[in-house]
Amino acid sequence: MTVEITILGRGRAGRALAEAWGPRAALVDHAARPEGLVLLAVPDQAVPGLAACFPGRCVHLAGSLQVEGVPCAHPLTSFDGRARDWTGTPLAITGAVPDDLRRAFGDLGFAAFDLPAELKPIYHAAAVLTSGHAATLWLGAEALLRAQGVALPGRGLLPLAEATLRNVGELGATGRTGPFARGDEATIARDAAALPDAWRDIFLKLGRMHG
């Protein structure tokens, strides 16, 4: 099969997409200067300089960044370097992404939608809250328990995180459980008092926010 897309960048996103597309895609490093359609799977700060090397024939993956004249296709997922099932995963399209590339993403299960350039920062901030910040909370919660000598058996906090996402996915806001959802002020106060100051502030502020 002829190579349709050259992916510039060997990070987790580039490796995952290259594996998923197989012979349709070639994976090269930042220094390469390939012909044809180039997908820039590189850090945000590298996009403008590299895009200038491929005028009119490149697309970048940076969810928050807007580069004049350079279209963007941002997969709303967390890549780990391997091909996964991305069925139903949103793909934010900004600018004139070539139809062949849109179809290639669609073949992997991504669901494309048009995202205006001026809305990219709020879109990406929401993505960071959902992914990076949520991961920080879960990892921080595990660290708090470890510091007190509590070693959870099995898969630790992950089953709770998975069940929470499932409930919210199925029920929306009513899937939110716990003392803040119940208005259980005695439990909230007792839990907050057990936390270090920095985590107590986060615990209370997040708990009293409603999506």
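Of the residues VAL42, VAL38, only one is over 21 Å from ARG82 (Cβ atoms), in the same structural domain as ALA62 (by TED's automatic domain parsing) and buried (at least 20 other Cβ atoms within 10 Å of the Cβ); which? Step through it out loud before you land on a result.
On the way: VAL42 fails: over 21 Å from ARG82 (Cβ atoms).
Among VAL42, VAL38, only VAL38 is over 21 Å from ARG82 (Cβ atoms), in the same structural domain as ALA62 (by TED's automatic domain parsing) and buried (at least 20 other Cβ atoms within 10 Å of the Cβ).
Is it true that ARG82 is free of Cβ contacts under 8 Å to residues at least 40 places away in the same chain and charged (D, E, K, R)? So ARG82 does not fit the description; no.
Please pick out the residue among ALA127, ALA73, ALA134 that is surrounded by 16 or more Cβ atoms within 10 Å (Cβ to Cβ) and not assigned by TED's automatic domain parsing to the domain that holds PRO23.
Details: ALA73 fails: not assigned by TED's automatic domain parsing to the domain that holds PRO23; ALA134 fails: surrounded by 16 or more Cβ atoms within 10 Å (Cβ to Cβ).
Checking each option against the conditions leaves just ALA127.
Scanning segment 96-111 for residues that are out of contact with any strand residue (DSSP E or B) (no Cβ under 6 Å at 6 or more places or on another chain) and either part of a loop (DSSP other than H, G, I, E, B) or of a type in the set (Val, Ile, Thr) (or both), we see that the one that is surrounded by the most Cβ atoms within 10 Å (Cβ to Cβ) is LEU108.
Listed by position, the strands (runs of 3 or more DSSP E) contained in segment 32-82 that have at least 2 residues being at pLDDT 95 or above and under 20 Å from VAL3 (Cα atoms) are 38-40, 58-60.
Condition check ((1) within 26 Å of GLY88 (Cβ to Cβ); (2) surrounded by 14 or more Cβ atoms within 10 Å (Cβ to Cβ)) across all residues:
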| position | (1), (2) |
| --- | --- |
| ARG146 | no, no |
| LEU157 | yes, yes |
| GLU162 | yes, no |
| GLY178 | no, no |
| ASP201 | no, no |
| LEU206 | no, no |
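Quick check: is even one residue across segment 113-132 in contact (Cβ under 8 Å) with a residue 24 or more places away in the chain and part of a loop (DSSP other than H, G, I, E, B)? For segment 113-132, residues in contact (Cβ under 8 Å) with a residue 24 or more places away in the chain and part of a loop (DSSP other than H, G, I, E, B): present.
Take the residues of segment 164-176 that are of a type in the set (Val, Ile, Thr) and surrounded by 11 or more Cβ atoms within 10 Å (Cβ to Cβ): which is nearest to HIS210 (Cα to Cα)? Looking at the filtered set, the residue picked out is VAL168. Among residues of segment 6-18 that are assigned to a strand (DSSP E or B), none has a beta-carbon under 6 Å from a residue that is among the basic types (Lys, Arg) and modelled with pLDDT of 95 or more at least six positions away or on a different chain. Looking across segment 133-166, the residues that are under 19 Å from THR177 (Cβ atoms), part of a loop (DSSP other than H, G, I, E, B) and of a type in the set (A, V, I, L, M) come down to LEU152, LEU157.
The values are calculated or read from the model by the stated rules, or taken from the named source; none is laboratory data. Just so we're clear, the structure is a prediction, and the values are computed from it rather than from any experiment. Here the Cβ is made from the backbone with ideal geometry for all residues, glycine too, and neighbour counts use every protein chain on show.
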